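Have a look at the structure below before the remarks.
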């Protein structure tokens, strides 16, 4: 399915006339008929009833029309933000990152590069506070953080929610099941990043532990998730909490979601000057 096919279908559906749709699209009428026909064949449904005197939408066509308009609107928003980036900063998107957001960001950039093939991304590590300060100073275009964030002068949109997961030795009894009961944390030595680097994770975990009536022991702080994974794999009961991390990172280490589920919201932050269409496009790409 091509964007062009959706545009041609929407034009005919709104005009209910192939000739007027072709004039509106500035193309020849046979091209409109051809592309709409291809769309119908690809979808396997009849969208329009054609006679020598009129064109009408079928029931399937009426249902698809709203979805086609929504899809075209999303494409237009992505093109708008790509154009803003390309015109304003030579196609460089400066992004404040948070641990575990890499795969989501990679997918979003791939979507935006459909319209801006040369789009470059500059990633900036830092705490939530540092990202907020950089956005205010114009040193970042957006930041991906785990919230909530108290910054009323910035625009904030929740884009995703991530389950908190436990990284622990694969040989530990708590790793035997598909999930780790939160009460099992009392038997582990938790190694966490500094609170300043991920306050949302700390706050959500503490609230969940209080609700479960446990106080886990704590170990050395985690500076690097990769290094911590190696050390945890060689330990007996060390563990850490991660968000946005899935699968088995390496032999000897298991990653399991907490039970009951504990989620942390993921937000995109942007300066107040960011246009609504630009922010909408970024949210669409990141979602």
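None of the figures in this text is laboratory data; all of them are computed from the coordinates on show. In this text, all values refer to a predicted model and were calculated from it rather than measured experimentally. Here Cβ is always computed from backbone atoms with ideal geometry, including for glycine, and neighbour counts include all displayed protein chains.
Side notes on the structure shown:
- When you work out D = kT/(6 pi eta Rh) for the chain at 4 °C and 1.567 mPa s, using the Kirkwood radius from C-alpha pairs as Rh and the Stokes-Einstein form, the result is 58 µm²/s.
- Proxy reagent accessibility, fewest Cβ within 10 Å first, across 9, 18: 18, 9
- Shown is the FRET efficiency for residue 211 and residue 287, computed with R0 = 35 Å from the Cβ-Cβ distance and rounded to the nearest 0.05: 0.75.
- Cα gyration tensor shape of the stretch 3-74, rounded if a/c is under 1.5, else prolate or oblate by comparing a/b with b/c: rounded
- Overall form of the stretch 162-264 per C-alpha gyration tensor (a/c, 1.5; a/b vs b/c): rounded
- Taking 31, 130, 68 as the candidate residues, the one with maximal mean-square fluctuation in a Gaussian network model of the chain, Cα springs under 10 Å, is 31.
- Projecting label points 7 angstrom from Cα along Cα→Cβ for residue 231 and residue 38 puts them 5.7 nm apart.
- Counted by neighbouring Cβ atoms within 10 Å, the residues 131, 202 run from fewest to most as 202, 131.
- GNM result for the chain, Cα springs below 10 Å: residue of 36, 255, 116 fluctuating most strongly: 36
- The stretch 37-188 shape via C-alpha gyration tensor axes, a/c threshold 1.5: oblate
- C-alpha long axis of helix 29-43 to longest principal axis of the chain, angle in °: 40 degrees
- Put a dot 7 Å past the Cα of residue 176, heading toward its Cβ, do the same for residue 136, and the two dots end up 5.2 nm apart.
- Order of 33, 52, 197, 73 under a 10 Å beta carbon neighbour criterion, fewest first: 52, 73, 33, 197
- Where only DSSP H runs of four or more residues are counted, the chain gives -13500 deg cm²/dmol as its mean residue ellipticity at 222 nm, each run worth -39500 (n - 2.57).
- Highest-MSF residue in the chain out of 252, 61, 44 [GNM, Cα springs under 10 Å]: 44
- Principal-axis tilt of helix 276-286 within the chain, Cα atoms, nearest 10 degrees: 60 degrees
- For the chain, the relative contact order is 23 percent, taking Cα pairs closer than 8 Å that sit 6 or more residues apart in sequence and dividing their mean separation by the residue count.
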